[in-house]
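Working notes for the structure below.
The values are calculated or read from the model by the stated rules, or taken from the named source; none is laboratory data. Note that the structure is a prediction, hence the values are computed from the model and not measured. Positions of Cβ are generated from backbone atoms using ideal geometry, with glycine treated the same way; all protein chains shown enter the neighbour counts. The area values use the complete protein model at the heavy-atom level, side chains included, leaving out ligands, DNA and RNA. Shrake-Rupley method; radii C 1.70, N 1.55, O 1.52, S 1.80 Å.
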Amino acid sequence: MTHISIADRMPTLDFTTNALKDGVGVVPLILMAGFADTSAAASELVASGAVRIEGRQIVDPDHHILSYAFDDGEVLHLTVGGKSTMLIRRAD
């Protein structure tokens, strides 16, 4: 029997340690995930309260995910609008 994890079935964005050095902004994350077509649309999603990371509502379009969020090998869940979800993880 083959074990299939959630990460194997869910869309995932992988970032190198170097890419996370200065953090990754929530607006670019939304764009990379394909949940918005423009920075303005992504910022609007954030400002309207539609964006959550690990269940925590993000309302600041300047919010960044910093490298220490992955110190325990954690995989973060980005959810937009309650339905669109993507995993964010550090690729070592």
Over the chain, relative contact order from alpha-carbon pairs under 8 Å, at least 6 apart, %: 37 percent
Residues with amide H under 5 Å from that of Leu13, placed H, sequence gap 5 or more: Leu87, Ile88, Arg89
Highest-MSF residue in the chain out of Asp22, Asp14, Asp72 [GNM, Cα springs under 10 Å]: Asp72
Spread of Cα-to-Cα distances over 5 Å intervals beginning at zero, given as percent, for the range 24-73: 4, 23, 31, 24, 10, 5, 1
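Top to bottom by accessible area (1.4 Å), largest first, where do Met86, Met10, Met32 land? Let's see the in-between values first.
Numbers: Met86 20, Met10 50, Met32 100 Å².
Descending accessible area places them as Met32, Met10, Met86.
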Residues listed by number, the range 52-92, amide nitrogen under 20 Å from Thr17 label point at 7 Å toward C-beta: 65-76, 88-92
For the chain, calculated [θ]222 nm from helices alone, where every DSSP H run of n ≥ 4 adds -39500 (n - 2.57): -5500 deg cm²/dmol
The chain, accessible surface, carbon-and-sulfur percent (1.4 angstrom probe): 50 percent
Ellipsoid semi-axes in whole angstrom, largest first, where each is sqrt(5λ) of the Cα gyration tensor of the range 49-92: 19, 13, 7
Rounded to 5, percent antiparallel among DSSP beta bridges of the chain: 70 percent
For the chain: accessible area per residue (Å², 1.4 Å): 62 Å²
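Could you estimate the translational diffusion coefficient of the chain from the Stokes-Einstein equation, with Rh from the Kirkwood formula over C-alpha pairs, at 25 °C and 0.890 mPa s, in whole µm²/s?
182 µm²/s
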